[in-house]
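Read through the structure below, which is laid out as structure tokens, and then see the notes.
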Amino acid sequence: MADAPSDEEILAAVAEHLGRPGPAERLRLAGTARISRQPVLECTITRSVETRAERERSEPALFDLSRKPVYEDLDAYDATGPKDPRKHQTLELVQTGTVREVSCVKCTGGRQQCLKCGGRGLTRCEPDVPCPNCRNVTSCTKCRGKGGSRRTPVKPVPPRKVKRPGERVDCVVCETPGTACPGCEGRGHTLCPKCDGRGEYTCDRCGGKGHSTCGTCAGRGLLVKWRGGTITHTPHAERVPGPEPSPPLLLRRRLHGGAWRTHVLSLDQSPPEDLPASHLSVIEARLVRREGEVARRVSIKWLPLARVEIEEEVNRVFYVFPEGSGLSVVPVPSRHRVKRAAVVAAACLAALVLVLIVAAR
């Protein structure tokens, strides 16, 4: 394993961490220590997968197709894959001999009849509407807008701004003082604000023209049609899980600062032989070429990691890995210590439950 620390270097780092430097101490630790290699792997495989499709295309007349590549057989077209497989890439092409200009079937001369007004330029509406102040419910507390002593019909008036909507005014319908809504004076209705009582207003969709510009041909009345091919390169990323056992949770954050070894491979490259055998096996198993794969980027990071158990240190184990210019030693609670802590916690919990039961009696 290239660049991985030797057993002697690992024991020297542990001895220094324990405050016991010197050859004699390293020799004594060598007889009681058990070292297991557990290198850490981070690997991501990003494949650029190519798909090809053809379909009829159209754009408004005068659309510029001169910059689009041309082809005769889409399957035979030689498309260059992306330089970086992690980026999405789409190539639009034009099939030779398929470009033609046709009339737009969705309009007449680039214009479409307005669907809202039916080409009239005017939209019908009700000439009068319920009073926005009283909503025709309490237009007059006496006659409710139906009239009384007056014989002449009272026509609606334009809606007016009411400063004091709670105050009542004289009703113009039944002529009763102080009973009518101040907005309509008892009429119950006001003139439509859109048409001022005319019963129709300028269409707000077409501006009174009765037609609109065709969105399909952009008002030109003609379309450019062709058979187009699309070649798409889509990135698909896959994270390769590292071999077991994985580092303890308490250790993982510290490993970020380690001296990781890095490799970046392309489609035709194989993993370096100096990788740990456990890493090589999991990576090579996933390097089978997929259907449509035209480019690949394999990012490999691995960190030499050693687990050291010492007979006299039953409560902790030591993890050693390169960091900066030296070796870093991180102690982690051993399984023995974790089990003992769990037993103590269970005993404390049982005692607490017992005390609560006795207290409840």
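The values are calculated or read from the model by the stated rules, or taken from the named source; none is laboratory data. Model, not experiment: these values are computed from the prediction. Every residue, glycine as well, gets a Cβ built from its backbone with ideal geometry; the counts of neighbours run over all protein chains shown.
Summary of values
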quantity: Breaking point among (1) within 16 Å of PHE318 (Cα to Cα); (2) surrounded by fewer than 11 Cβ atoms within 10 Å (Cβ to Cβ), for ARG37; calculated: (2)
quantity: Which numbered condition LYS83 fails, given (1) modelled with pLDDT of 95 or more; (2) under 16 Å from GLU293 (Cα atoms); (3) not in a strand (DSSP E or B); calculated: (1)
quantity: Per-region count, the range 249-308, residues touching a Pro at 6+ places or on another chain (Cβ under 6 Å), in a loop (DSSP other than H, G, I, E, B) and of a type in the set (Lys, Arg); calculated: 0
quantity: Top-ranked residue of the range 174-222 - restricted to ones that are among the acidic types (Asp, Glu) and in contact with a strand residue (DSSP E or B) (Cβ under 7 Å, 6 or more places away or on another chain), ranked as modelled with the lowest pLDDT; calculated: GLU185
quantity: Single residue of ARG26, ARG20, ARG100, ARG47 found to be crowded, with 16+ Cβ neighbours inside 10 Å, of a type outside the set (A, V, I, L, M) and either modelled with pLDDT of 95 or more or out of contact with any helix residue (DSSP H, G or I) (no Cβ under 7 Å at 6 or more places or on another chain) (or both); calculated: ARG47
quantity: Test set (1) part of a loop (DSSP other than H, G, I, E, B); (2) buried (at least 16 other Cβ atoms within 10 Å of the Cβ); (3) in contact (Cβ under 8 Å) with a residue 24 or more places away in the chain - VAL172 fails condition number; calculated: (3)
quantity: Residues located in the range 69-97, provided they are free of Cβ contacts under 8 Å to residues at least 60 places away in the same chain and surrounded by 12 or more Cβ atoms within 10 Å (Cβ to Cβ); calculated: PRO69, VAL70, THR96
quantity: The range 224-283, residues that are among the β-branched types (Val, Ile, Thr) and either without any contact (Cβ under 8 Å) to a residue 40 or more places away in the chain or within 30 Å of VAL70 (Cα to Cα) (or both); calculated: VAL224, THR230, ILE231, THR232, THR234, THR262, VAL264
quantity: Failed item, numbered, when GLN112 is tested on (1) surrounded by 14 or more Cβ atoms within 10 Å (Cβ to Cβ); (2) at pLDDT 95 or above; (3) not in a loop (DSSP other than H, G, I, E, B); calculated: (2)
